[in-house]
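The values are calculated or read from the model by the stated rules, or taken from the named source; none is laboratory data. Owing to the predicted nature of the structure, the values given are computational and were not obtained by experimental measurement. Counting neighbours? That spans all protein chains shown, and the Cβs are built from the backbone with ideal geometry, glycine included. The protein model used for the area step is the full one, side chains on, heavy atoms only, and it has no ligands, DNA or RNA in it. Shrake-Rupley method; radii C 1.70, N 1.55, O 1.52, S 1.80 Å.
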Amino acid sequence: MRHRQLAVSGAYAFDPEVFRDERGDFASPYQETAFVAALGRALFPVAQVSRNVSRRGVVRGIHYTLTPPGTAKYVYCGGGRALDLVVDLRVGSPTFARWDAVELSADGGRAVYVPPGVGHAFVALEDRTVVNYLLSAEYRSATELRLSVFDEEIGLRLPDVPAILSEPDRAAPTLGEAAADGLLPRYAP
């Protein structure tokens, strides 16, 4: 399994080997040896596994959690294709407000590690796109925060598809508004 650090400090993409034959293919989106080689430690204890199914154009995010303790995510695509986006929201981070994008698909098994304090979003590029998450903490609505994917200060480059957002994501604040309200996490190296 290959790995590479993304433009956001502490975020990584992982590409497993895909074995194909006449039956289909097989890949392991998570391999502890590769994760340890990249981050110097094993994946967090998994507290929750979640998945969602989205139609083409659905945008979910930018989502993040209050820190501490924050929630780390390991994300992969189980069906279809998605443009996965990570945004550094950690005040004091050397990569604060930077973002990176990785295309995930069921064909490749690529996965993304999102550390606590880093925002996460994705855009479904096909109907029936399935995104799977391994989470370091169980979902609690009281700790979940969001920012606008359309915030010009962040400057995400979204695919040219009609965007379908939930009402909370559509009404999400900008990075500047969240900073003014003290809602951004602090960087802890």
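It is to be established whether one or more residues within the range 101-109 are open to solvent by less than 30 Å² (accessible area, probe 1.4 Å), of a type outside the set (A, V, I, L, M, F, W, C), part of a strand (DSSP E or B) and without any contact (Cβ under 8 Å) to a residue 60 or more places away in the chain.
Within the range 101-109, one or more residues are open to solvent by less than 30 Å² (accessible area, probe 1.4 Å), of a type outside the set (A, V, I, L, M, F, W, C), part of a strand (DSSP E or B) and without any contact (Cβ under 8 Å) to a residue 60 or more places away in the chain.
Among the numbered criteria (1) within 18 Å of residue 14 (Cβ to Cβ); (2) open to solvent by 30 Å² or more (accessible area, probe 1.4 Å); (3) part of a strand (DSSP E or B), which single criterion is violated by residue 60?
(1) is the only condition that residue 60 fails.
Take the range 1-33 and flag every residue that is acidic (Asp, Glu), open to solvent by 60 Å² or more (accessible area, probe 1.4 Å) and in contact (Cβ under 8 Å) with a residue 40 or more places away in the chain.
Within the range 1-33, just 25 meets the criteria.
Report, by residue number, each residue of the range 138-180 that is closer than 24 Å to residue 8 by Cα, open to solvent by 30 Å² or more (accessible area, probe 1.4 Å) and hydrophobic (A, V, I, L, M, F, W, C).
Result: 145, 150, 158, 179, 180.
Pairs only if they're at least six apart or on different chains, beta carbon under 6 angstrom, first in the range 49-74 and farther than 10 Å from residue 185 by Cα, second of a type in the set (S, T, N, Q); list them, first residue then second.
Note: pairs meeting the criteria are 51/132; 54/129; 71/65; 71/136; 72/136.
Can you find a residue in the range 91-99 that is open to solvent by less than 30 Å² (accessible area, probe 1.4 Å), within 12 Å of the chain's Cα centre (by Cα), under 22 Å from residue 156 (Cα atoms) and modelled with pLDDT of 95 or more?
no
Pick from the range 77-90 the residues that are open to solvent by less than 10 Å² (accessible area, probe 1.4 Å) and hydrophobic (A, V, I, L, M, F, W, C): which of them is farthest from residue 172 (Cα to Cα)?
Result: 77.
Can you pull out the residues in the range 110-137 that are out of contact with any Gly (no Cβ under 9 Å at 6 or more places or on another chain) and surrounded by fewer than 17 Cβ atoms within 10 Å (Cβ to Cβ)?
Within the range 110-137, no residue meets the criteria.
Output the residues belonging to the range 105-129 that are in contact with a Cys (Cβ under 9 Å, 6 or more places away or on another chain) and of a type in the set (A, V, I, L, M, F, W, C).
Of everything in the range 105-129, those that are in contact with a Cys (Cβ under 9 Å, 6 or more places away or on another chain) and of a type in the set (A, V, I, L, M, F, W, C) turn out to be 106, 111, 122.
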